[in-house]
Each structure stands twice: as C-alpha cells, then as structure tokens.
1. Take residue 347 and tell me if it is within 19 Å of residue 428 (Cβ to Cβ), surrounded by fewer than 17 Cβ atoms within 10 Å (Cβ to Cβ) and not polar (S, T, N, Q).
2. Give segment 241-261 a look and list any residue that's in a helix (DSSP H, G or I) and of a type in the set (Gly, Ala, Ser), or say none.
3. Hey, can you tell me all the residues within segment 362-383 that are buried (at least 21 other Cβ atoms within 10 Å of the Cβ) and among the aliphatic types (A, V, I, L, M)?
4. Quickly run through segment 317-360 and pick out the residues that are over 22 Å from residue 373 (Cβ atoms) and among the aliphatic types (A, V, I, L, M).
5. Testing residue 86 on (1) surrounded by 14 or more Cβ atoms within 10 Å (Cβ to Cβ); (2) in a helix (DSSP H, G or I), one condition comes back false. Which one is that?
6. Against the conditions (1) free of Cβ contacts under 8 Å to residues at least 24 places away in the same chain; (2) of a type outside the set (Lys, Arg); (3) surrounded by 20 or more Cβ atoms within 10 Å (Cβ to Cβ), where does residue 251 fall short? Just the number, please.
7. Among 207, 226, 212, which is the only one that is within 25 Å of residue 128 (Cβ to Cβ), at pLDDT below 90, surrounded by 14 or more Cβ atoms within 10 Å (Cβ to Cβ) and of a type outside the set (Ser, Thr, Tyr)?
8. Output the residues belonging to segment 313-333 that are out of contact with any Pro (no Cβ under 8 Å at 6 or more places or on another chain), closer than 22 Å to residue 272 by Cα and not β-branched (Val, Ile, Thr).
Amino acid sequence: MDAAVAGQHARRRIRPPEPLVMAGSPSTPAAFRCPISLEVMRSPVSLPTGATYDRASIQRWLDTGHRTCPATRLPLASTDLVPNLLLRRLIHLHAATLPPSPSPEVVLSQLAAAGGEPAAAEKAVRSLAAKIAPEKGKRASVASAVAADLDSAVPALLSFAKGGAGADARVDAVRILATVAPELVPYLTGDGTEKRGRVRMAVEALAAVLSADGVGEDTKEGLIAALVAGDLGHIVNTLIAAGANGVMVLETILTSPVPDADAKTAIADRSELFPDLVRILKDAASPAAIRCMAAAVQVRGRPARSSMVRAGAIPALALAVAAAPTAVAESALGLLVEAARCTDGKAAIGADAAEVAAAVMGRMIRVGPAGREFAVAVLWLSCCAGGGDRRMREAVASAPEAVGKLLVVMQGDCSPSTSRMAGELLRAVRMEQERKGLAAAYDSRTIHVMPY
C-alpha cells in the first residue's frame, strides 16, 4: 500500500468531534444542573473551590451563614461569586435545541393527573414555578391558567404543598397559589352549604400564602388590601368560622400596616371575637388564636383586655401555659400579663388561682428569658400589685419549689424590673409560707440557693 492510499485510510478513521449538545437530546446534562437545587442553572457562578452553582441557590447558602463549599465541604477563602459565562452560554444553546415548554394549562392538567405520584406532581409544580420567575415574563399567563379552574387547581396545589415533597418544591407550590390568591377573596363572602368546601379551600390557601417565607411582602400586602376592601364584617365571620387557618389570616390583617386604624378597631370590637378565639384555643392550643388575641389587645387596649377576660380566656391560657410548646406557652404568658393589668383580669386569675399558679410556676424555668419575665410579671401583678389577691399568694406559696424557682430567676439574666418583682414575690411567698408553717421546704431543699 503506497503512502497516498495509507493517508486516505487514516483520514477515514478520524471521526469528526461530536457537538457538546445534541439537537433533540431527551435529557439535560448533569453539569447544567445546580448541585443544590438540582434545577437547570439560570445564572451559573463559581466559588473559589471551582464548584459551580446557580446564583440564587448558593447565595441562600451563604446568607444562612455557611462558609464552606456545599459540594466539596472545603472552607471558603472568599465568598466572591464569579460568573461562569461559558457554562451559561452552553446552557442557552442546549435550551434552544429543546422542544417548547408546555403551556401552563397543560402543566396544570399534568398536575391534576399526577394523583399519587409525587415525582410527577413535583415536576409539574417546578415547571409552573419556573414560568412565574421575573425574567420569564409569564406570571400573568400562569395566574390566568390557575384562575380559569380554581376549584381543581387550588386543591391540587394545596395537596402538593402539604405533601412529602422537598422544601423548595413546597415553596414553589405556595408561590403559584400567591398569583391567584386575590381571586379567592370573593369565596369568603359566599353563602350556602354547597360552598363550604370552596370557603375552606380559599381560607387554607390564603393562610398558606400569608404565612410563607417564599412569598414577597408586596404580594402579601396586596392580598391583605383585597381582604380589607371587601365586605369586612362578612369576611371576619367567615375567617373565624374556619378555625385555626382563618384565625391566622385574621391575625395577619390585625398586625399588617395595610388596614387603617378604623378597620382594625372594627375587627377588635367584634362582640364574638374573643368568645370564638377562646373556643378555638380550647379545642387545640392554637398559636394563631393566641397571637390573634394579642393583636386585638394591641389594637384596642383596655376594652379588649376586659372582653378577653369576660370570654373566659384565663383557664384556656393557663392550660396553654402548662401544656403547649414553648413558643405558644410564652405567648399565653404574655396574654396573662395583659389580663392581670385590669381589675376584671386580676379577679378572674384569683378565681382560678390554683390552676394559674400551678401552670405559671410549673413552666417558669422551662421557657426562654422572655417567658420567664412574663411569668414573674403575671405573678407579681396578681400577688403584689395594689395589695394583690390573697388566693393567688396562697396558691403560689403552695406551689412546689416556689422559692427556689424565684431565686433562680433573680440570679439569671433578667431585667432589673423583673429582678425587683421577683424579690417582692419572694418576700410575699416566704411570709405566706411562714404563716402556714411551710418554711421547712425552703430550708431543707433550696437553702443553698442564695438570692444575692
């Protein structure tokens, strides 16, 4: 074989390089996906370690205080993010080879058809969420598609948001709900038993949107404005009747800067507000019910305190202090302080002295600093202020290790006013114990705890 023929065979064996992205490729290269979100990167950036992430994902990682590379776990000498322009160009070229993404209507149909398949539902939700990103310019089309069939789209999104999907996917579902949340406000003024399911669905969706961290404040304020602009009396009644989710929405309205003072006063002055909140609190130690009570008291002050007491809130709050999780117990202690500031409240606390004293003293050391200060304040207001209530003094003096717990609070990191109130309580309790011959408990069990 001569040299010319050999050269021709060699050239035949050399294959031309394949393109990095094949037109019609059914899958996305793994290098195009962010190692954190596992989604195709929109703005790829690189860390000093050489690893590349989507800017939004790595920025969240850094904002939470991490100073290591998520992929390599190596410490970061710098948190500077360098745009990976080549990878971004390759991702754009790849996107151009793919078929057009399905319309929002098609994706919603896929979500409804997913049924019990979480992976298929998550794919549909993430696809919809991608379409409402600001740079996509398709937020209105997604909202229109969901709004066109609220009765089926909203329950599907709610079911997914409460399911076992990842946290990012659940946030995406709520973000999609936020695009149509104002469309759900008219559901709160509907009448008829056939609409109860729609009302429950609407309240649940509104609560999910207003309580979500992934929804912008502007969106939440717009939703609250829509709620206040409607038939406020009817809407408040509907929210209260809906239970904990409705109360959460109501509490958000009361604490938002959007409604004016007159609207908030109209809500706080509703005659059935506190009886309904107490009922909900008794059914389950609802944090939303307690926060809503606190918001109403903040709006109306003394009249709201009296209404809360007359509604029978003291026993329910004492139960929440004794048995609820720490954050709820602290909120309940704060409301007991508000109740003890008025004459009716102090009398109601005295009437349930044994239960209130046992709850407050039993939880005093098992809450945070704010909860301890609330506990001391409610005891001081009911036992010492204005002469105090004898029933409460007796009940506190009879509580196990009462003196020791007060001494622990005094020696802890409390404010000067709390330390002063604890000292006055300590003297009142010691006098009551000596009068009843109960001082031995202090001498034998807590003599090693010194107040100063």
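1. On the way: within 19 Å of residue 428 (Cβ to Cβ): yes; surrounded by fewer than 17 Cβ atoms within 10 Å (Cβ to Cβ): yes; not polar (S, T, N, Q): yes.
Taking the combined requirement at face value, the residue satisfies it.
2. Let us first name the residues in segment 241-261 that are in a helix (DSSP H, G or I), namely 241, 244-255, 261.
Within segment 241-261, 241, 244, 246, 261 meet the criteria.
3. Selection gives 364, 375, 376, 377, 378, 379, 381.
4. Once the filter is applied, which keeps residues that are over 22 Å from residue 373 (Cβ atoms) and among the aliphatic types (A, V, I, L, M), segment 317-360 yields 347, 351, 354.
5. (1)
6. Of (1) free of Cβ contacts under 8 Å to residues at least 24 places away in the same chain; (2) of a type outside the set (Lys, Arg); (3) surrounded by 20 or more Cβ atoms within 10 Å (Cβ to Cβ), only one is false for residue 251: (1).
7. Details: 207 fails: at pLDDT below 90; 226 fails: at pLDDT below 90.
Selected residue: 212, the only one of 207, 226, 212 that is within 25 Å of residue 128 (Cβ to Cβ), at pLDDT below 90, surrounded by 14 or more Cβ atoms within 10 Å (Cβ to Cβ) and of a type outside the set (Ser, Thr, Tyr).
8. 313, 315, 316, 317, 318, 319, 320, 332
The values are calculated or read from the model by the stated rules, or taken from the named source; none is laboratory data. Note that this is a predicted model, so its numbers are computed, not measured. Here the Cβ is made from the backbone with ideal geometry for all residues, glycine too, and neighbour counts use every protein chain on show.
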